[in-house]
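Taking it in order: structure first as structure tokens, then the write-up.
The values are calculated or read from the model by the stated rules, or taken from the named source; none is laboratory data. Note that this is a predicted model, so its numbers are computed, not measured. Don't worry about glycine lacking a Cβ; one is built from the backbone with ideal geometry, like all the others, and counts go over all protein chains shown. The accessibility values were calculated without ligands, DNA or RNA, using every heavy atom of the protein model including side chains. Shrake-Rupley method; radii C 1.70, N 1.55, O 1.52, S 1.80 Å.
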Amino acid sequence: MKMQALAGLALALGAVTAAAATPAAAQNYNGTPNYGEINLSAGFTPDPYLQVLRAGGGYAASNLSSECQGYVTEAPDVRLYWDGKGSLPIKISVMANADTSLIVNGPGGEWYCDDDGGDGTNPLVLLNAVPGRYEIWIGTYESGDSRPAVLSISEVTNF
């Protein structure tokens, strides 16, 4: 009987150790956005919509996907609600004097990540946006680093 109890305890401790060693995704797409929520419809003005913010954080974006880079905050920087009316794609990009990354969580749970798709050090994601909620994070390349940046959301696709 004692042997079975010890074996059960060993199994339980092993399960706790295994659970503690498993990293969890740090980002909380349901968290309160650091810089608020945006509601946009096709033909919005002014285009581009600009949001001044600070990029970066202490959580590795690679926890979301191996495609994502940089360090971001736990909660999204911005939450975009798109009504889906219109036929133009949505261009989400970042302008900063530092190397930044961009992470977008789409309404279907898909992740879009970019590092230098804009102009070499700034990221850009082009979406055929469907109606719904999009969470947006802007990262930097050092944990805890915080840099001024401008998020740009546009229907203008020529750049």
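Solvent exposure of segment 31-150, expressed per residue, is 46 Å² of accessible area, with all protein chains present and a 1.4 angstrom probe.
In plain terms, the chain from Glu37 to Val150 could stretch by 39.2 nm, reckoned as 0.36 nm per residue minus the Cα-Cα distance. Note on segment 105-159: dipole from Cβ charges, positive end direction compared against Gly132, Gly118, Gly106; the farthest Cα belongs to Gly132. Relative contact order for segment 95-159: 38 percent, from Cα pairs under 8 Å spaced at least 6 residues apart, divided by residue count.
Once you order the gyration tensor axes a ≥ b ≥ c over the Cα atoms, which shape class does segment 21-92 get: rounded for a/c under 1.5, otherwise prolate or oblate by comparing a/b with b/c? Prolate, since a/c reaches 1.5 and a/b exceeds b/c.
Show me 66-75, 113-122 ranked by packing, highest mean number of other Cβ atoms within 10 Å first.
Details: 66-75: 20.0, 113-122: 16.9.
Result, highest mean first: 66-75, 113-122.
Maximal additional length on extending the Ser143-Ser65 stretch stands at 26.4 nm, based on 0.36 nm per residue less the C-alpha distance.
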